[in-house]
Amino acid sequence: MTEVVRVDAARPNHEDISRAAECLRRGGLVAFPTETVYGLGVHALDRAAVRRLFQAKGRPANDPLIVHVSSFAQVAPLVVALPEQAALLAARFWPGPLTLVMRRAPSVPLEVTAGLETVAVRVPAHPVARALLLAAALPVAAPSANLFSRPSPTRAAHVLDDLDGRIDMVVDGGPTQGGVESTVLDLTVDPPAVLRPGAISVEMLRTVIPAVRLGVVRATADGRAAIASPGLLSKHYAPRAPITIYQGEPAAVRPALLAAAREAVAAGLRVGVLATTEDMPMLSQVPVVIAELGSEYDVEAIAARLYAALRELDAAQVDLILARDVSQDAGLWRAVRDRLHRAAARVTAID
Ligand code: AMP
Ligand code: MG
């Protein structure tokens, strides 16, 4: 049985947090809200517990975990040396949705890092995550609290949909605010490289380290091409129904999407559409299941809603999902576009 503990997101009850912390100390699996998505936490230095976490998620062992700590001071024991860049970035962005990849200290189990000589670390900002990390007084490895390859959970109910009975506890602090996962920045390469775009944009990082670049897959010490970031796995964050993204000028894409929706409905299929508020009038012309993301001028709202919208379409048992592409590729839009494309089965260009 998975125990659900409801807490006030801004001011979590001390006793509830202590119980969740005790569960972590004993090697339990505890899901909790962060400012991005719900994480599934485990004692990062307890190898057996970390293995149980991989089992519970069905996550491949070559997909490393992010270690969460309560403050910058807690990072030093996890790494060989603290790069000066880490201190600068931490001063600016921690607590917050930025993950830093550094060289692993021997005390960090290879189970956590998926065999890599690097470890990813962040200090989350959510009051519940902070309280839990302080109470546990441990480094807590926490991937997103979903079954492998499914959309990340932004509510406790999403965690239970995927993991009820497979984990010990869910600390329910209500819906998360950020929606997309943390930015992952590799500090072991020069210049530092963004392995996964997230809420802290490349543009923001460049205000501290101007040379930061967008990264790609790199090789391990033994020369194999390693998945530098599991966010780079092709199918990720995906709903059950295949998503087709329509790419091109909005004026051409809207009618193309509408025509595709009509055709699929005529063929007897149940069609889901990921829509912006501005798409709504057009969609009233056709019987489709709509998941409204928010205004296309409000990227924060869209980021916060994306995964919940994908899960809603799954729950509505649609056969296929149609979406317009994100045309902007800067700031938070880059992270939204990245997740949408990783979730998608097909991209159709309209000209
Ligand atoms: P999740 O928390 O489920 O979103 O997945 C963990 C994320 O952390 C992935 O996107 C990984 O890229 C990243 N990560 C964890 N450890 C490392 C590492 N040592 N090197 C590169 N990326 C890492
Ligand atoms: Mg994940």
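For the chain, rounded, prolate or oblate, judged on the Cα gyration tensor with a ≥ b ≥ c (square roots of eigenvalues), a/c < 1.5 rounded, else prolate if a/b > b/c? Verdict is prolate for the chain.
Among bridges DSSP assigns within the chain, what percent are antiparallel (round to 5)? Mind dumping the intermediate values first?
Values: 18 of 50 bridges.
Among the beta bridges of the chain, antiparallel pairing accounts for roughly 35 percent.
Inter-label distance, residue 266 to residue 280: 2.8 nm, where each label sits 7 Å from its Cα along the C-beta direction.
Antiparallel beta bridges, as assigned by DSSP with both residues in the stretch 16-132, represent about 75 percent of the total such bridges. Among 94, 333, a tally of other beta-carbon atoms within 10 Å of each Cβ gives an order, fewest to most, of 333, 94.
Rounded, prolate or oblate: which fits the stretch 265-342, taking a ≥ b ≥ c as square roots of the Cα gyration tensor eigenvalues, rounded meaning a/c under 1.5, else prolate when a/b beats b/c? Could you put the intermediate results ahead of the total?
On the way: a/c = 2.10, a/b = 1.67, b/c = 1.26.
It is prolate, given that a/c is not under 1.5 and a/b is the larger ratio.
As a proxy for reagent exposure, 35, 117 were ordered by neighbouring Cβ count within 10 angstrom, fewest first; the result is 117, 35.
Mean-square fluctuations from a GNM of the chain, with a 10 angstrom spring cutoff on Cα atoms, peak among 259, 301, 241 at 259.
Where in the chain are the DSSP H helices whose C-alpha atoms run 20 Å or more along the long axis and whose mean Kyte hydropathy is at least -1.0? Going by DSSP H runs, the hits are 250-266, 299-315.
Rounded if a/c is under 1.5, else prolate if a/b is larger than b/c, else oblate: which is the stretch 1-144, with a ≥ b ≥ c the root eigenvalues of its Cα gyration tensor? In terms of gyration-tensor shape, oblate. Between 284, 149, 107, the GNM of the chain built on Cα springs shorter than 10 angstrom shows 284 fluctuating the most.
Throughout, read-outs are computed from the coordinates displayed, never taken from laboratory work. None of the values given here were measured: they were computed from a predicted structure. All Cβ positions, even for glycine, are placed from backbone atoms using ideal geometry, and neighbour counts span all protein chains on display.
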